[in-house]
Amino acid sequence: MSNHNCPFTGSLVALITPFRDGKVDHEALKALVDRQIDAGQNGLVPCGSTGESATLDHDEHAAVVETVVQHAAGRVPVVAGTGSNATAEAIQLTKDAESAGADGALLISPYYVKPTQAGIVDHYRAVAEATSLPIVLYNIPGRTASTIEIDTLAELAEVDNIVAVKDSTGSLDRIMDTVAACGDKLAILSGDDSLILPLISMGAVGAISAVSNVIPKELAELTGAALAGRWDEARAIHYRVLPLIRACFLESNPGPIKAAVSMMGGCENSLRLPLRAMSDGPRAELTAVMKELGLPMSGGAA
């Protein structure tokens, strides 16, 4: 099931935000961008939940988006995370991303405030009207306590520049219902790395992946093979990397992702409170899975 209105397909990485001495490490961020593009990723998503956007101030948020856009230099699209639980703030973050040259915006359903479905529609409409960027809705009720229901998705699909939904509900039934209700008007991107394969089989056009920070080539190949209908190839990759995907969510994202990238020498294993570095038991489990997969372990310092 194709969606001709969505410019974002394939595997897009939900980039971590590397820190050094408590500040954003822009040099490490540029190196991560290069690694992702060189490995075949089809897009970059800075400042999502994997990018610890909740702990970035506005200046840092804008600077991270700007660094990623400038360093990507048009090689792949950049879809900036610009969501907020305050509509005015979401509009400002989206406008800033548009000014920085981002190709799209990913907006989480407003968290904590628990809006009605009508409130969710008004929120996204207000943002869509304030920007010319293509907008990706982000449905992750486990983090937001705010589910975008199927009828709401169908209503939002009628807005010209709302092009896709990143689905992190973990429900295959919801995906089927979304495809049935929204057809070609709203593309679906998998937000659960373990469900990329089944979601594409049901009509998703790609994924926004946290684990791509660790294994960008494998997840680009998995997504590409599934989209091309090479199911045996996609299935083989899926089962090979599934233990790593599971290990990367032993604790709250992005703790394990940052631990893994730091073990591979890509950044410091530094997070901002209330998130903290992975605890010893789960970290040992993650390390064992990475070794089993043959990943290069060059770093690993705190």
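Of the helices (runs of 4 or more DSSP H) contained entirely in the stretch 7-126, those carrying at least 2 residues that are in contact with a helix residue (DSSP H, G or I) (Cβ under 7 Å, 6 or more places away or on another chain) and in contact (Cβ under 8 Å) with a residue 60 or more places away in the chain fall at 26-38. Considering Ala277, Ala259, the condition of being in a loop (DSSP other than H, G, I, E, B), out of contact with any strand residue (DSSP E or B) (no Cβ under 8 Å at 6 or more places or on another chain) and surrounded by 15 or more Cβ atoms within 10 Å (Cβ to Cβ) is satisfied by Ala277 alone. Residue-level check: of (1) closer than 17 Å to Gly10 by Cα; (2) under 19 Å from the mean Cα position of the chain (by Cα); (3) not in a helix (DSSP H, G or I), Thr147 misses just (1).
Results for (1) surrounded by fewer than 17 Cβ atoms within 10 Å (Cβ to Cβ); (2) among the charged types (D, E, K, R); (3) modelled with pLDDT of 95 or more, shown as yes or no for each residue.
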{"site": "Val121", "(1), (2), (3)": "no, no, yes"}
{"site": "Ala130", "(1), (2), (3)": "yes, no, yes"}
{"site": "Ile148", "(1), (2), (3)": "no, no, no"}
{"site": "Leu195", "(1), (2), (3)": "no, no, yes"}
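Report the residue count in the stretch 230-253 for those that are in a loop (DSSP other than H, G, I, E, B) and either of a type in the set (D, E, K, R) or at pLDDT 95 or above (or both). Going through the stretch 230-253 one residue at a time, the tally reaches 5.
Considered as a group, the residues in the stretch 132-144 that are in a helix (DSSP H, G or I) and of a type outside the set (Val, Ile, Thr) include one that is modelled with the lowest pLDDT, and that residue is Gly142.
Would a scan of the stretch 220-233 turn up a residue that is under 16 Å from the mean Cα position of the chain (by Cα), of a type outside the set (A, V, I, L, M, F, W, C) and either buried (at least 19 other Cβ atoms within 10 Å of the Cβ) or under 22 Å from Pro7 (Cα atoms) (or both)? Yes.
The values are calculated or read from the model by the stated rules, or taken from the named source; none is laboratory data. Quantities reported herein were computed from a predicted structural model and do not represent experimental measurements. Glycine gets a Cβ as well: all are built from the backbone with ideal geometry, and neighbour counts include every protein chain shown.
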